[in-house]
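Worksheet: the structure to be examined is printed underneath.
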Amino acid sequence: MAEMQMRTEGPIRTRREGGVLEVTLDRPKANAIDLVTSRIMGLTFRDFRDDESLRVAIIRAEGEKFFCPGWDLKAAADGDAVDGDYGVGGFGGLQELPNLNKPVIAAVNGICCGGGLELALSADLILCSDNATFALPEIRSGTVADAASIKLPKRIPYHVAMDLLLTGRWFDAAEAKQWGIVKEITTPEALLQKAWDLARLLESGPPLVYAAIKEVVREAENMRFQDALNRITKRQMPTVDRLYSSEDQLEGARAFAEKRDPIWKGR
């Protein structure tokens, strides 16, 4: 395993071990995100995207009480514009970052609401602690949960999504799991270890296949089935074309034929 590397200063801390990058949001008291923090997060996830030695990212937050309440209203009162420059990845660095073709795991503890829930929804897999609570309370402050309004009705039943969006009500970890928003519920003490266990499982998998899956899912979202399938079979998606020409594609077939575990090289 590669040597652990850490960055421990500023509102965003990172820990890198092997092909896994742990990104920690640490802005006391509530881990709210202002423009500066969002831009740092965007650069962090951009570097994760562009570093071929990194395979999986974990996004988490410091403390047990708050994951993230979203937009920093105190910073807004001091002059941060709600439509200001959030950075290369949009709000929180993830939801608008182009071509992010690697798995991202959100480890959610405590309060996760508004833009914080939208940040979690930008991940591919969400784990949460049993004290996690969720809401989209923007309706109460006279604004729209824009990213959630786009994403939620496509991911959970329409009427459930509209209930959450139109009422802004709180819901707990059990309900989040009921609707498939979270993959697993654990204790606060076990949450980070569970996230790392999942990250290491993904780290051991085929990175070129993960990239193809993410591009196919993203590009096919608003396409007719046959049009999307034609783009795949004609190798018109860059990640699919790279996969079909790769050593890993051959390695997968050979390992299966030889009844052994494949050795993925990402090329």
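Within the stretch 254-267, take every residue that is open to solvent by less than 70 Å² (accessible area, probe 1.4 Å) and at pLDDT 90 or above and give me the one that is nearest to the chain's Cα centre (by Cα).
264
Condition first: part of a helix (DSSP H, G or I) and among the small types (Gly, Ala, Ser). Now tell me which residues in the stretch 191-205 satisfy that. Before the answer, list the steps.
Going through the stretch 191-205, the residues part of a helix (DSSP H, G or I) turn out to be 191-203.
Residues satisfying the conditions are 195, 199.
All but one of (1) touching a helix residue (DSSP H, G or I) at 6+ places or on another chain (Cβ under 8 Å); (2) in a helix (DSSP H, G or I); (3) loosely packed, with under 13 Cβ neighbours inside 10 Å hold for residue 214; which doesn't?
If we test residue 214 against (1) touching a helix residue (DSSP H, G or I) at 6+ places or on another chain (Cβ under 8 Å); (2) in a helix (DSSP H, G or I); (3) loosely packed, with under 13 Cβ neighbours inside 10 Å, just (3) comes out false.
Could you look through the stretch 6-20, keep only residues that are outside any strand (DSSP E or B) and over 28 Å from residue 265 (Cβ atoms), and pick out the one that is least open to solvent (accessible area, probe 1.4 Å)?
So, considering only residues that are outside any strand (DSSP E or B) and over 28 Å from residue 265 (Cβ atoms), the one least open to solvent (accessible area, probe 1.4 Å) is 11.
Give the stretch 243-267 a look and list any residue that's more than 16 Å from residue 214 (Cβ to Cβ), part of a helix (DSSP H, G or I) and acidic (Asp, Glu), or say none.
247, 251
Report, ordered by the first and then the second residue, all pairs with beta carbons closer than 6 Å, sequence separation of six or more or different chains, a first member in the stretch 171-186 that is closer than 21 Å to residue 158 by Cβ, and a second member that is open to solvent by 30 Å² or more (accessible area, probe 1.4 Å).
Matching pairs, first to second residue: 177/185.
Quick one: what pairs do we get from the stretch 21-32, first residue over 9 Å from residue 68 (Cβ atoms), second polar (S, T, N, Q) and surrounded by fewer than 19 Cβ atoms within 10 Å (Cβ to Cβ), C-beta under 9 Å, 6+ apart or different chains?
Matching pairs, first to second residue: 21/14; 22/14; 23/14; 24/14.
For residue 118, work out the one condition from (1) touching a residue at least 60 places away in the same chain (Cβ under 8 Å); (2) closer than 21 Å to residue 36 by Cβ it doesn't fulfil.
Single failed check for residue 118: (1).
Just a yes or no: is a residue in the stretch 148-155 of a type in the set (Gly, Ala, Ser), touching a residue at least 40 places away in the same chain (Cβ under 8 Å) and over 12 Å from residue 91 (Cβ atoms)? Can you show your working first?
Within the stretch 148-155, the subset of a type in the set (Gly, Ala, Ser) is 148-149.
Retained after the next criterion (residues that are touching a residue at least 40 places away in the same chain (Cβ under 8 Å)): none.
No: the stretch 148-155 contains no residue that is of a type in the set (Gly, Ala, Ser), touching a residue at least 40 places away in the same chain (Cβ under 8 Å) and over 12 Å from residue 91 (Cβ atoms).
Identify all residues within the stretch 135-183 that are charged (D, E, K, R) and outside any helix (DSSP H, G or I); write none if there are none. Before the answer, list the steps.
Step one: filter the stretch 135-183 for residues charged (D, E, K, R), giving 138, 140, 146, 151, 154-155, 163, 169, 172, 175, 177, 183.
Those that are charged (D, E, K, R) and outside any helix (DSSP H, G or I): 169, 172, 183.
Among residues belonging to the stretch 140-195 that are surrounded by fewer than 18 Cβ atoms within 10 Å (Cβ to Cβ) and of a type in the set (Lys, Arg), point out the one that is modelled with the lowest pLDDT.
My answer is 140.
Tell me which residues, restricted to the stretch 197-216, are more than 20 Å from residue 21 (Cα to Cα) and over 15 Å from the mean Cα position of the chain (by Cα).
212, 216
Which of the residues belonging to the stretch 217-242 are over 23 Å from the mean Cα position of the chain (by Cα), at negative phi and either of a type outside the set (S, T, N, Q) or not in a helix (DSSP H, G or I) (or both)?
Hits for the stretch 217-242 are 224, 225, 227, 228, 229, 231, 232, 234, 236, 241, 242.
The values are calculated or read from the model by the stated rules, or taken from the named source; none is laboratory data. If you're wondering where the values come from, they're calculated on a predicted model, not measured in any experiment. Cβ coordinates were reconstructed from backbone atoms using ideal geometry, including for glycine residues, and neighbour counts include every protein chain displayed. Remember, those area values only see protein heavy atoms, side chains included, never the ligands or the DNA or RNA. Shrake-Rupley method; radii C 1.70, N 1.55, O 1.52, S 1.80 Å.
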